[in-house]
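The values are calculated or read from the model by the stated rules, or taken from the named source; none is laboratory data. As the structure is a prediction and not an experimental result, all values here were calculated from the model. Every residue, glycine among them, receives a Cβ derived from its backbone with ideal geometry; neighbour counts consider all protein chains shown. Protein only, heavy atoms only, side chains kept; ligands, DNA and RNA dropped before computing areas. Shrake-Rupley method; radii C 1.70, N 1.55, O 1.52, S 1.80 Å.
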Amino acid sequence: MTFNALTIDVEDYFMVSAFTDIVRFEDWHTYESRVKKNTYTILELLESHGVKATFFVLGWVAEQCPDVIRAISSAGHEIACHGYNHRLIYNMTQEDFREDIRKSKRILEDLTGNIVIGYRATSFSIVRETQWALDILIEEGYLYDSSIFPIHHDRYGFPEAGRFPYMITRPQGTIGEFPPSTYRIMNQNIPVAGGGYLRFLPLMLTKAALRSINKKEHQPCILYFHPWEIDTEQPRLQGRFISRMRHYLNLSSTLPKLNNILTEFKFQPLNTFPRLIT
């Protein structure tokens, strides 16, 4: 039986990249926080299915909600790094990026007592122009990354990158890569990895794609979602139309779809995939 990986990017609704034009980091503390409640709901869902997952946590969230991070770790899930304050890598200098991942790693390790070995960039912002981030991740002790999404997108994407877990060799060493899942149609990679794609696509199509990846291509699926995606009662922000559509469409479908997928497919944390994590 093929095992897959379920990953959760732990951030709040007002932290997403699509709303940075109307929400400043300096004002985060003024918004109603809902990440704690939503994350506990996710933990209950995973417990009901006996599933362990990887939680990519923002350092800022960990500072504000240390009890949540300890609860995730105590439940046997992997804690990995999502940066400190959700900045896009292509808007950062190399020095800024190094400090960001070093600070977040320290916060998470101090809270859990476990070594953090995994990283996911804000909005999958390791792209062709920011591959230098991989060298810094290696230097800072990370063993794997899950930021390179092999698709075309207006804000991210590395279409020619590999679709399935692989090792990347860089001047500073090697690092494992876990790309979010895609389905191949007419020489194009179609994203089916979760997040908005889970909400937008009919469940039947999502499950068919996951089955094909597992049974026909004999590869694991890497799925992701965010705590705010299960929250139909979150405050509505007045961003651009495209941002609001991507963020709010079909929020009510997330939990039922996840429950169905967790019933049929097997999942484990990324740090338990021995082929890459050595």
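Miscellaneous remarks
- Under Karplus coefficients 6.51, -1.76 and 1.60, residue-wise ³J(HN,Hα) of segment 200-206 in Hz, glycine/proline x: 7, 7, x, 4, 4, 6, 4
- This model, with +1 at the C-beta of Lys and Arg and -1 at the C-beta of Asp and Glu, gives segment 142-234 a dipole about its Cα centre of some 440 debye.
- Over segment 115-259, the hull volume per residue, using the convex hull of the C-alpha atoms, is 144 Å³.
- Here percent of Cα pairs over 26 Å apart was computed from the coordinates, and among [x] 33; [y] 46; [z] 37 the match is [z].
- Where HIS226, HIS49 fall by accessible area, highest first, once all protein chains stay in place (1.4 Å): HIS49, HIS226
- Legend: residue pairs LYS37/LYS257; LYS37/LYS105; LYS103/LYS215; LYS103/LYS216; LYS215/LYS257, Cα-Cα distance threshold 30 Å; pairs beyond threshold, LYS103/LYS215; LYS103/LYS216.
- Rolling a 1.4 Å probe over the protein heavy atoms leaves ASP27 with an accessible area of roughly 50 Å².
- Here the 3J(HN,Hα) profile of segment 175-184, calculated from phi with Karplus coefficients 6.51, -1.76 and 1.60 at θ = phi - 60°, is 8, x, 10, 10, x, x, 6, 9, 10, 8 Hz, Gly and Pro shown as x.
- Percentage relative contact order, segment 1-75, counting C-alpha pairs under 8 Å, at least six apart: 45
- Probe 1.4 Å - accessible area at THR169, Å² to nearest ten: 110
- Residues whose placed amide H lies under 5 Å from that of ARG170, excluding near-sequence neighbours: ILE175
- Per residue accessible area of the chain, 1.4 Å probe, in Å²: 43
- Proximity of backbone amide H atoms, modeled 1.01 Å from N, is registered between PHE267 and ASN4 at under 5 Å, excluding neighbours fewer than 5 places apart on the same chain.
- The chain - percent of accessible surface contributed by carbon and sulfur, probe 1.4 Å: 52
- In sequence order, segment 129-144 has phi-based couplings of 7, 10, 5, 4, 4, 5, 4, 5, 4, 4, 4, 8, x, 7, 9, 8 Hz under the Karplus curve 6.51 cos²θ - 1.76 cosθ + 1.60, θ = phi - 60°, and Gly or Pro positions carry x.
- Compactness relative to 2.2 N^0.38 Å, alpha carbon Rg of segment 214-263: 1.47
- List MET15, MET204, MET186, MET245, ordered by accessible area with a 1.4 Å probe, largest first: MET186, MET204, MET245, MET15
- Value at 222 nm in deg cm²/dmol, rounded to 500, when DSSP H runs of n ≥ 4 in the chain each add -39,500 (n - 2.57): -10000 deg cm²/dmol
- Length added when fully stretched, GLU217-ASP27, from 0.36 nm per residue minus Cα-Cα: 63.8 nm
- 5 angstrom amide H check on TYR224, placed H, neighbours 5+ away: THR7, GLY194, GLY195
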